[in-house]
C-alpha cells in the first residue's frame, strides 16, 4: 500500500512574517516567548516543545521549526536564517497561514 504524497508547498498557503519576543538561555538557545501578530495582538507562548531543522511543508522554505504551545494548542513557528552571517539581520520568524487572497 503506497503513501499519498502531499504537494510541497501546499497551494493556498503562504509565509506570514511576524515579530517574536525571544529570550536566550545560558547555553545560547533562542526561546520564543510571544508572537506579535500584524494587527498588534500578542500571543504568549506557553511552552516550547521541540526545536529542529525542518521544512515549512505548507508554505515552503527551510529553517528552524519550533513546536510551540499557544493557548493550549500546538503550532509551528519557523526561524528563517539569513545566509549572510556578517549581516546584523540574523533572520526572520514566520508562521504558515492560508493565503487570504485565496479565501472564497
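Bear in mind these aren't lab numbers, they're just calculated from the coordinates by the rules spelled out. Not measured: the values here are computed from a predicted model. A quick note on method: Cβ atoms are made from the backbone with ideal geometry, for glycine too, and the neighbour counts reach across all protein chains shown.
The modelled label-to-label distance between residue 81 and residue 38, using points 7 Å beyond Cα along the C-beta direction, is 2.7 nm. Which entry in [x] 14, 42, 33, 9, 2; [y] 15, 50, 30, 5; [z] 11, 14, 14, 14, 10, 9, 8, 7, 6, 5, 3, 0 matches P(r) over Cα pairs in 10 Å bins from 0, in percent derived from the coordinates of this structure? Computed from the coordinates, P(r) over Cα pairs in 10 Å bins from 0, in percent corresponds to [x]. Modelled label positions at residue 31 and residue 52, each set 7 Å beyond Cα in the direction of Cβ, lie 2.1 nm from each other. The distance linking the range 21-43 with the range 56-88 is 12 Å (Cα centroid to Cα centroid, whole angstrom).
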